[in-house]
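Encoded as C-alpha cells, the structure appears first; notes follow it.
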Amino acid sequence: MSSQEVLYLSRSDVEKVDLKMEEIIRVVEEAFREKGLGRVEMPPKPGIHPKKDSFIHAMPAYIPKMDAAGIKWVGGFPENYKHGLPYITGLLILNDPETGVPLSVMDCTWITAKRTGAATAVAAKYLARKDSRVFGIIGCGVQGRSNLEALMAVFNLEEVRAYDINRENLKRYVEEMTLKYGVRVVPARSPREAVEGCDIVVTATPILKHPNPVTNSNTTGRSDTSGIYRRSTLTLERSLPGRSLDARAMRNA
C-alpha cells in the first residue's frame with residue numbers, strides 16, 4: 001500500500017475477517033497491561049450530545065508496543081431501534097505511527113461489541129473464581145451477546161440467567177444463546193432473579209444521563225443490604241456514568 005492509499009472497510013468487510021474471541025481477548029489483555037504500565041497515550045475522550053441520552057465520543061490512543069495509533073469516533077443513540085439502526089455506530093481510523101498518514105477507515109460496530117465483551121472476560125479472568133459456573137446478565141442486546149461469548153471463552157459456564165425489560169428481546173436471546181452455546185439459559189422475571197446467587201454478573205444496558213434503574217442502588221456496591229450481590233464473585237457495571245464499583249470490595253463482600 002502506498003502512502004496515499006487508504007483502505008476502507010465496511011461492517012461486513014470487518015465481520016468477514018472472522019477474528020476469534022480468544023484472540024480478541026488476548027490483544028485486549030495486552031493493551032490493558034500496556035496501559036497499566038503507563039506505556040499508552042490515551043487522553044480523556046471528548047464528546048458531544050446531540051440528543052437526550054445520546055453521545056458521540058472521540059477516542060484516540062497510541063500503543064507503541066503494538067505500533068498502533070488511531071481514533072474511534074463512536075456514537076450511542078438509544079432511540080435508534082425505532083429507525084432500524086443499532087444503538088452503537090461509528091468509525092475507526094488507523095494511522096501510521098511513523099508518518100501520521102491514515103492507513104484505514106473502518107466501521108467500528110462489530111469491533112466495539114467484541115472489544116467490550118473481551119474487556120469483561122479479561123476482568124473476570126483475574127477477579128472471578130476460576131470455577132465460576134453461573135452468569136447473570138441484565139440487558140439482552142448486542143452487549144449481552146458479546147459478553148456471554150467472551151465469558152464462554154474463559155469459563156466453563158453451565159447456566160445463564162438473563163433479564164431484559166423487553167420480553168421479546170429476552171425470548172430471542174434465550175433461544176439464540178441456547179442454540180449457539182448449548183448452555184442452559186434461563187429467562188428471569190426480574191433483575192433480582194437474574195443476578196441472585198450468580199458467580200458473575202454483567203449489566204449491559206444503554207448509558208442514560210438520568211437512569212430509571214431496574215435494580216435498587218442498595219443492591220450494588222458496598223452498601224448492599226439485600227444480599228443479592230454478596231454471593232456473586234464479580235459484578236461488572238457498564239451502564240451508569242459517574243459511578244464505579246469497587247471490584248475488590250465486591251469480591252470480599
Cross-link reach list, lysines versus Lys171, counting only Cα pairs under 20 Å and skipping chain neighbours closer than eight places: Lys82, Lys180
Net charge of neighbours whose Cβ lies under 15 Å from the Cβ of Arg172, counting Lys and Arg as +1 and Asp and Glu as -1: 0
Hz values of 3J(HN,Hα) by residue in region 103-117 - Karplus curve (6.51, -1.76, 1.60), Gly and Pro given as x: 9, 8, 10, 9, 5, 10, 4, 5, 4, 4, 4, 5, 5, 5, x
Net charge, Ser12 excluded, C-beta distance under 14 Å - Lys, Arg +1, Asp, Glu -1: -2
Fully extended contour minus Cα-Cα distance, from His57 to Glu30, at 0.36 nm per residue: 7.4 nm
Protection proxy ranking, peptides 31-44, 71-84, 146-159, 108-121, average beta carbon neighbours within 10 Å, highest first: 108-121, 146-159, 71-84, 31-44
Residue-wise HN-Hα coupling along region 130-147, computed from phi with Karplus coefficients 6.51, -1.76, 1.60 (Hz; x: Gly, Pro): 5, 9, 4, 10, 10, 10, x, 10, 10, x, 10, x, 4, 5, x, 7, 5, 5
Rh (Kirkwood; distinct C-alpha pairs) - region 56-196, Å: 16.9
Separation of the Ser12 and Lys82 label points, Cα + 7 Å toward Cβ, nm: 2.9
Contact order normalised by residue count of region 1-107, Cα under 8 Å, 6+ apart, percent: 25
Karplus (6.51, -1.76, 1.60) ³J(HN,Hα), θ = phi - 60°, over region 57-65, in Hz, Gly and Pro reported as x: 10, 9, 10, x, 7, 9, 10, x, 4
Environment charge at Lys35 (Cβ cut-off 13 Å; Lys +1, Arg +1, Asp -1, Glu -1): -1
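Bear in mind that the values in this text are calculations on the coordinates, not laboratory data. Values in this document were obtained by computation on a predicted structure and should not be read as measured data. Here Cβ is always computed from backbone atoms with ideal geometry, including for glycine, and neighbour counts include all displayed protein chains.
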